[in-house]
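Written out below as structure tokens is the structure these notes cover.
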2 protein chains.
Amino acid sequence: MDENRDRPTGQHRATIREVALAAEVSTGTVSRVAAGSPRISEATRQRVLKAMKELSYQPNAAARAMRTNVSRTVGLLIPDLTCPIFSRVAAGAEPVLSAAGYMLFTYSSNRNAAREIDFLNAARQRQMDGMIVSVSGEGGAEMIEGLRGVGSPMVVLDRELPLDTDSVFNEHYQAMRTAVEHLIAFGHRRIGLICATEKIRPGRERCRAYRDAMGASGLPLDPWLIRATGQGHDYGHAEAQSLMLTRGAPTALISAGSDTFCGTLRALRSLGLSIPEDVSLVGADDIEIGPVAGPAITMIERDMFEAGRLAARFLLDRLEGVDGPARRLILDSRVVMRQSVAAPGSGVSGSHLRHGTG
Amino acid sequence: MDENRDRPTGQHRATIREVALAAEVSTGTVSRVAAGSPRISEATRQRVLKAMKELSYQPNAAARAMRTNVSRTVGLLIPDLTCPIFSRVAAGAEPVLSAAGYMLFTYSSNRNAAREIDFLNAARQRQMDGMIVSVSGEGGAEMIEGLRGVGSPMVVLDRELPLDTDSVFNEHYQAMRTAVEHLIAFGHRRIGLICATEKIRPGRERCRAYRDAMGASGLPLDPWLIRATGQGHDYGHAEAQSLMLTRGAPTALISAGSDTFCGTLRALRSLGLSIPEDVSLVGADDIEIGPVAGPAITMIERDMFEAGRLAARFLLDRLEGVDGPARRLILDSRVVMRQSVAAPGSGVSGSHLRHGTG
DNA sequence: CTGTTAGCGCATTCAT
DNA sequence: ATGAATGCGCTAACAG
């Protein structure tokens, strides 16, 4: 129980040279032992190991990275850590990478393009061996340039970018068509859509599916009902409010995007609208909320843990030298039916007041 | 030509020497320009800047870190990225650190002590300048040793550890007392508690508050009603089921811990118990779910963004050389009343069937 | 103001 | 099987 605490902060870190000195060998030998080289006699190996332990030697990663150009580190860039969709990607990727001896460091840009570029530069500067990237936008020459400059293997998540990298996509089109057609089957003709901007793949796919589904059923397209400009809780709240507080309000709403959906749900509640009597609702992504909301919400769901796992596997392949053209993988989504969809007009017609015994 | 060395997919990265050559200056001058030194003539500065841009020069962080022992990097260790409580810490800390020129890298251990130690070692090896640490347990000599070994400033979140570091705590005791007393005021005498193990501060504080509140009201303590052994969705689900599926079932439940609460909520719903008629419920932490659940749930809430911000500020102080004894700060919690608490026995007595029109 | 020089800690090649 | 020597790219101390 001897506590060698010479200094309150900044204890001395043993270098390879000190270990060599203590073990009475050369630094080269220590290095070989640390690397697990077989060309070392058992005797000296033990001696070195002992010295390392006594000095609690930890190789300096910076020096090693500089010498070898390898850091056994992978970076994950996501727009928003607090959004379940993205945190699940991290949680899915981490065990895969960890098992292969890589540390995964996650960076959240808070949807700030400048910070995304900062991160890409930092990753390059810190010689991260690989990257999993979920950028918030698809535009921006500087962004593309930054991504091109990364120089190490990279996997892109659910974005269409002019890059020659492996990608993992989510299926959005079929799921959204199913959702819209489901509502139409219940008799809805005016369906509001709240989702991300068409400037990024998820928004683009979802809007396209919405339009196709409406068209296929011969229903008119009212552009006023399509809200595809933003994301987040407040966005979902504001758009839902705007849609529902009007004469021509839709009888059903699809709010796609995890925080967006949550905002929409709160807006409907605070307006005193009951689901599905006053308005039917289909949500997306926030799988924790769907089943416990009042009532349970029909949702478009996707397995983002799996997306993270697959992205990590793609990356590991490249890290281990697998060559070949860029791979693209599309991960399925599904619609989980619950109690938030019903025929239109089952509530007190023309009124936004909650009905029933409440 | 060993231009590309061992880099897997490496494009060539310009070094400071190449920039010096192109700008016809010495490497020292380039270094000074990069560092923004004022002792440089405008002419050469421009020349160097131009060369840097043309070669798209990015300083090698590993080399720089090795030379200076500074990486302008901060590590955040959390038990589980997908848990809103922790991801909010990251989201709160990041802007503060970012504004001060530090990059925040988040590592999620998935509540695995071995990975936590791995991270601490990695952080040390990679010369992270500081750490914000939320370890899953409070025990473990190896863990403590690992934390002691981090030689750089550190802020600990809501854990009592035998360390001399700044800490940010959450207030749990008062909030829990308020919650219990609230239930007692409604007439509840058998109140179930589901929370984290008493081996860590949050569980310890909450259990203590529960016992004190019950005792202060002269109510008997039934140890069977206290479930303090785990955490997570499944744990909250299982314990709620176990508690409610018995003759002596409690009339009210407090489920503290974000995923835990969510599991409890699902369990109650799947049992067909209606809240608050069959059982009153107080949740915690998952502020997204509380207001939109059916019915809206009374919750113990705390601002983890603020915890992250404060931890980051503490750390920045130390990074900027502020000296002095370890600081401890306790962040308030509050109980937000909603519709999930009522007098006991307002449901169909002796039955677990949902009542009402559904 | 700017060039020169000397390492930082490590992995590696070339000797032995 | 092991030691000696050589930079990796960069910053900082010291000269001019």
Using only the alpha-carbon atoms, how far is helix B:304-319 inclined from the longest principal axis of chain B? Give it as 0 to 90 degrees, nearest 10. 40
A:His12 accessible area, assembled protein chains, probe 1.4 Å, Å²: 120
Report for the protein assembly as shown the percent antiparallel among DSSP-assigned beta bridges with both residues inside it, nearest 5. 15
In deg cm²/dmol, rounded to the nearest 500, the helical mean residue ellipticity at 222 nm of the protein assembly as shown, built from -39500 (n - 2.57) for every DSSP H run of length 4 or more, is -13000 deg cm²/dmol
One finds the C-alpha centres of region A:85-139 and region B:256-293 to be spaced, in Å, by 34
In whole percent, how big is the carbon plus sulfur part of the accessible area of chain B, probe 1.4 Å, protein atoms only? 51
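Relative to the Cα centre, what is the charge dipole magnitude of region A:27-77, using +1 at the beta carbon of each Lys and Arg, -1 at the beta carbon of each Asp and Glu, and rounding to the nearest 20 debye?
Details: 9 positive and 2 negative charges, 19 e Å.
Roughly 100 debye, rounded to the nearest 20.
With a 1.4 Å probe, how much accessible area is buried between chains A and B, both sides summed, in Å² to the nearest hundred?
Details: alone 18160 and 18060 Å², together 30670 Å².
Chains A and B together bury approximately 5500 Å².
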Taking the Cα atoms only, what angle lies between the long axis of helix B:113-125 and the longest principal axis of chain B, rounded to 10 degrees? 20
What share of all Cα pairs of region A:169-211, in percent, falls into each consecutive 10 Å distance bin? 31, 52, 16, 1
Extension gain (nm, one decimal) between B:Ser26 and B:Trp224, 0.36 nm per residue minus Cα-Cα: 63.7 nm
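For the protein assembly as shown, rounded, prolate or oblate, judged on the Cα gyration tensor with a ≥ b ≥ c (square roots of eigenvalues), a/c < 1.5 rounded, else prolate if a/b > b/c? If you can, show how the numbers build up before the last one.
On the way: a/c = 2.30, a/b = 1.38, b/c = 1.67.
Oblate.
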Contact order relative to length for region A:43-143, counting C-alpha pairs under 8 Å separated by 6 or more residues, stands in percent at 35
Region A:144-223 and region A:309-334: distance between their alpha carbon centers, rounded to Å: 21
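How big is the dipole moment of region A:117-218 about its Cα centre under a simple scheme where the beta carbon of each Lys and Arg is +1, that of each Asp and Glu is -1, and everything else is neutral? Debye, nearest 20, please.
Details: 13 positive and 14 negative charges, 97 e Å.
Here region A:117-218 has a charge dipole of around 460 debye.
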If you take the square roots of the eigenvalues of the alpha-carbon gyration tensor of region B:91-174 and sort them as a ≥ b ≥ c, do you get rounded (a/c under 1.5), prolate (a/b over b/c) or oblate? oblate
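Could you tell me which of rounded, prolate or oblate describes region B:183-260, using a ≥ b ≥ c as the square roots of the eigenvalues of the alpha-carbon gyration tensor, with rounded for a/c under 1.5 and, failing that, prolate when a/b is larger than b/c and oblate otherwise? Before the final figure, lay out the partial values.
Details: a/c = 1.99, a/b = 1.20, b/c = 1.66.
Oblate, since a/c reaches 1.5 and b/c is not below a/b.
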Quickly work out the B:His12-to-A:Glu171 label distance, labels modelled 7 Å from Cα along the C-beta direction, and quote it in nm with one decimal. 4.7
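Would you work out the charge dipole size for the protein assembly as shown about its Cα centre, treating the Cβ of every Lys and Arg as +1 and the Cβ of every Asp and Glu as -1, and quote it to the nearest 20 debye?
On the way: 84 positive and 80 negative charges, 167 e Å.
Computed charge dipole of the protein assembly as shown: roughly 800 debye.
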How fast does region A:108-222 diffuse by Stokes-Einstein, in µm²/s, taking the Kirkwood radius from C-alpha pairs at 37 °C and 0.692 mPa s? 204
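I'd like the FRET efficiency for A:Met337 and B:Arg328, computed as 1/(1 + (r/R0)^6) with the beta carbon distance as r and R0 of 35 Å, rounded to 0.05. Before the final figure, lay out each step's value.
On the way: r = 50 Å, r/R0 = 1.44.
Calculated transfer efficiency: 0.10.
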Take every DSSP beta bridge with both residues inside chain B and express the antiparallel ones as a percent of the total, to the nearest 5. 10
Please state, as a whole number in µm²/s, the translational diffusion coefficient that the Stokes-Einstein equation yields for chain A at 37 °C and 0.692 mPa s, with Rh defined as the Kirkwood radius across alpha carbon pairs. 140
For A:Leu21, place a label point 7 Å out from Cα along the Cα→Cβ vector, do the same in each other copy, and report the separations in nm, one decimal, smallest first. 3.7
Crossing angle, helix B:233-244 versus chain B [Cα axis fit, 0-90 degrees, rounded to tens]: 10
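The values are calculated or read from the model by the stated rules, or taken from the named source; none is laboratory data. Worth saying up front: this structure is predicted, and the values here are computed from it rather than measured. Cβ sites come from the backbone with ideal geometry, for glycine too, and all protein chains shown count toward neighbours. When the accessible area is computed, the model is the full protein with side chains, heavy atoms only, and any ligands, DNA or RNA have been set aside. Shrake-Rupley method; radii C 1.70, N 1.55, O 1.52, S 1.80 Å.
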